[in-house]
1. Among the numbered conditions (1) β-branched (Val, Ile, Thr); (2) modelled with pLDDT of 70 or more; (3) under 27 Å from the mean Cα position of the chain (by Cα), tell me where residue 29 comes up short.
2. Of all residues being part of a helix (DSSP H, G or I) and among the charged types (D, E, K, R) in the stretch 48-82, which is nearest to residue 97 (Cα to Cα)? Just the residue, please.
3. Could you tell me which residue of the stretch 58-86 is surrounded by the fewest Cβ atoms within 10 Å (Cβ to Cβ), considering only residues that are modelled with pLDDT under 90 and among the hydrophobic types (A, V, I, L, M, F, W, C)?
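The values are calculated or read from the model by the stated rules, or taken from the named source; none is laboratory data. Keep in mind that what you see is a predicted model, and the values were worked out from it rather than measured. Here the Cβ positions follow ideal geometry from the backbone for every residue, glycine too, while neighbour counts run over all protein chains shown.
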Amino acid sequence: MTQSLYNRKQFSFHNRKTNHRLFSFSLTIQCLPLSSIVEMKERNSSSSTLRRILVNCAAQAKEYGGCVAAKVPEIERDMCLKEFLALKNCMQNTIRGKA
């Protein structure tokens with residue numbers, strides 16, 4: 001079981017002339033052990049995969065989106081099949097590490 005440490009800090013802001021408190025807030029910071037940070041990085045690997053897909057497949061996504069947008073509102077199944085398959089292929093290759 002990992003143990004977290006919390007550090008709490010109180011902040012207050014006052015009017016310089018009247019010294020009345022304008023507002024205050026407290027901030028709590030959670031300090032995690034290194035093992036928890038490593039676990040979080042492993043969980044965030046899906047965002048890294050998504051980032052790679054967005055970078056590698058931007059052109060295909062633009063073509064597919066442009067095709068669909070041009071056909072609105074008369075969209076039918078497989079109208080933009082060629083563009084969709086190109087995007088799907090790019091995404092699969094990126095996930096497999098071929099791109």
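1. Failing condition for residue 29: (2).
2. Per the stated criteria, the residue is 52.
3. 72
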